[in-house]
Amino acid sequence: MSPETEISVRNLLEALRGFTDQIGDHPDNLLFVDLLATGLKLAQEKPGRGDLKILLSSLKELRYAFKVFAPYRQYRKVSIFGSARTGPQEAVYRHAFEFANRMSRLGYMVITGAGGGIMAAAQGGAGRERSFGVNIRLPMEQPANETIRGDPKLINFKYFFTRKVIFVKETSAIAIFPGGFGTHDEAFESLTLLQTGKCDPMPLVFIDQPGGSFWKGWQGYLDDHLLKAQLIDPEDMSLFKITDDLDEACEEITRFYRNYHSSRFVRDQYVIRLDRPVGAALLEEINERFADLLSHGRFELAMALPEENDRPELSRLPRLVFSFNRRSLGRLRQLIDRLNQV
């Protein structure tokens with residue numbers, strides 16, 4: 001790097017130190033500064049043009065998607081996956097339409113890949129007003145379905161990975177209908193994120209057509225080749241549900257939020273926010289039945305911790321707080337199911 005370039009970069013870094021004064025008193029000022037500083041460090045490292053284009057496109061796509069979803073964060077949503085090749089004459093198409101329609105009437109918004117098949121069915125069932133489309137630009141054009149085409153809630157992505165981030169980050173539940181490689185990719189991605197704790201706990205339901213065995217056969221593969229070989233734990237099977245009954249599918253999703261509200265880590269403590277408090281008898285039961293989830297200590301009742309002041313609207317909610325071992329996510333799901341019986 002030439003002396004002139006070094007001076008220029010140094011001056012920019014100095015300017016960043018005063019950046020927080022210009023954008024006002026924002027709780028995340030240091031993150032904005034860090035974001036800009038990372039860009040400057042990138043300039044110093046002189047990456048290849050291809051690397052720069054990947055970084056820039058990814059940042060632009062995510063920034064725009066966050067902006068589109070921001071006004072709707074108060075609504076729970078369900079991401080719906082399934083084949084783009086399913087025709088309107090097929091029973092599973094009508095099943096997807098009806099499922100999305102029911103979830104919409106239950107207050108949920110719907111996120112799909114914006115294409116045809118199951119995506120078009122779900123978008124049609126939910127209606128334009130309650131739909132988001134996260135389309136992917138492919139070598140073979142995938143036009144948006146007529147329900148979401150031209151809507152401000154339609155987002156077009158260049159990269160699958162940024163699109164997947166939005167599918168999972170912005171949703172409260174995932175429903176998966178029969179499909180091909182892409183659907184299975186989305187299914188296993190969702191399962192992996194849930195199993196490893198890299199996304200928030202949420203219901204994941206696989207929906208067959210009436211009387212169908214598509215996902216039941218898939219579960220047979222899991223049982224015979226993953227579970228028996230101890231490549232997954234028995235508790236991991238609690239992370240999802242398979243059904244062909246729409247009443248059962250909708251109940252699986254709505255029951256998950258019957259008492260459970262949300263959760264987060266505060267240092268080494270895992271905080272589960274609830275709509276209704278846990279009584280003394282249930283707390284004792286939880287300490288006995290779910291002690292294997294603890295790295296140390298006990299499950300305790302609490303109100304909002306000081307570190308949660310970034311979400312003041314949630315301060316009224318009671319909490320269950322514990323030192324989570326960060327391994328047993330299937331068992332964590334079983335704990336949430338027990339809390340939802342309150």
Response to the item:
Per the filter on segment 72-102, residues farther than 14 Å from Ile174 by Cβ and touching a strand residue (DSSP E or B) at 6+ places or on another chain (Cβ under 6 Å) are Tyr75
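For segment 93-108, which residues satisfy the criterion of being within 19 Å of Ser190 (Cβ to Cβ) and either without any contact (Cβ under 8 Å) to a residue 12 or more places away in the chain or assigned to a helix (DSSP H, G or I) (or both)? If you could, list the steps in order and put the result at the bottom.
Going through segment 93-108, the residues within 19 Å of Ser190 (Cβ to Cβ) turn out to be 96, 99-100, 103, 108.
Result: Ala96, Phe99, Ala100, Met103.
Condition check: under 25 Å from the mean Cα position of the chain (by Cα), at pLDDT 95 or above and surrounded by fewer than 17 Cβ atoms within 10 Å (Cβ to Cβ). Does Glu252 satisfy that? Spell out how you get there, then give the answer.
Details: under 25 Å from the mean Cα position of the chain (by Cα): yes; at pLDDT 95 or above: yes; surrounded by fewer than 17 Cβ atoms within 10 Å (Cβ to Cβ): no.
No, not satisfied.
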Practice prompt. Please specify each residue of segment 259-295 satisfying the condition of being in contact (Cβ under 8 Å) with a residue 60 or more places away in the chain, in contact with an Asp or Glu (Cβ under 8 Å, 6 or more places away or on another chain) and assigned to a loop (DSSP other than H, G, I, E, B).
Written response: Asn259
Practice prompt. For Glu98, state whether it is surrounded by fewer than 22 Cβ atoms within 10 Å (Cβ to Cβ), closer than 13 Å to Ile80 by Cα and not β-branched (Val, Ile, Thr).
Written response: yes
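Which of the following residues is surrounded by fewer than 18 Cβ atoms within 10 Å (Cβ to Cβ), touching a strand residue (DSSP E or B) at 6+ places or on another chain (Cβ under 8 Å) and among the charged types (D, E, K, R): Arg137, Arg105, Arg130?
Values: Arg105 fails: touching a strand residue (DSSP E or B) at 6+ places or on another chain (Cβ under 8 Å); Arg130 fails: surrounded by fewer than 18 Cβ atoms within 10 Å (Cβ to Cβ).
Residue meeting the stated conditions: Arg137.
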Worksheet item: How many residues does segment 32-46 hold that are of a type in the set (Val, Ile, Thr) and loosely packed, with under 12 Cβ neighbours inside 10 Å?
Response: 1
Worksheet item: Within segment 215-225, is there a residue that is surrounded by 15 or more Cβ atoms within 10 Å (Cβ to Cβ), of a type outside the set (Asp, Glu) and more than 30 Å from Arg137 (Cβ to Cβ)?
Response: yes
Worksheet item: Under 7 Å by Cβ, and 6 or more places apart or on different chains, what pairs join a residue from segment 221-235 that is assigned by TED's automatic domain parsing to the domain that holds Phe188 with one that is assigned to a helix (DSSP H, G or I) and exposed (fewer than 12 other Cβ atoms within 10 Å of the Cβ)?
Response: Leu227/Pro234
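Test Gly107 against the stated conditions and say whether it is modelled with pLDDT of 95 or more, over 23 Å from His261 (Cα atoms), of a type outside the set (A, V, I, L, M, F, W, C) and out of contact with any Cys (no Cβ under 9 Å at 6 or more places or on another chain). If you could, list the steps in order and put the result at the bottom.
Details: modelled with pLDDT of 95 or more: yes; over 23 Å from His261 (Cα atoms): no; of a type outside the set (A, V, I, L, M, F, W, C): yes; out of contact with any Cys (no Cβ under 9 Å at 6 or more places or on another chain): yes.
Taking the combined requirement at face value, the residue does not satisfy it.
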Worksheet item: Residue check, Ala249 against (1) without any contact (Cβ under 8 Å) to a residue 60 or more places away in the chain; (2) part of a helix (DSSP H, G or I), all met but one. Which one?
Response: (1)
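Can you tell me how many residues within segment 299-311 are out of contact with any Leu (no Cβ under 9 Å at 6 or more places or on another chain), touching a residue at least 24 places away in the same chain (Cβ under 8 Å) and either surrounded by 12 or more Cβ atoms within 10 Å (Cβ to Cβ) or more than 23 Å from Asp275 (Cα to Cα) (or both)? Before the answer, list the steps.
If we filter segment 299-311 for residues that are out of contact with any Leu (no Cβ under 9 Å at 6 or more places or on another chain), which is where we start, we get 305-307, 309-311.
If we keep only those that are touching a residue at least 24 places away in the same chain (Cβ under 8 Å) as well, we get 305, 307, 310.
Retained after the next criterion (residues that are either surrounded by 12 or more Cβ atoms within 10 Å (Cβ to Cβ) or more than 23 Å from Asp275 (Cα to Cα) (or both)): 305, 307.
So the count comes out to 2.
The values are calculated or read from the model by the stated rules, or taken from the named source; none is laboratory data. All values derive from a computational prediction rather than experimental measurement. When we count neighbours, we look across all protein chains shown, and the Cβ atoms used for this are built from the backbone with ideal geometry, even at glycine.
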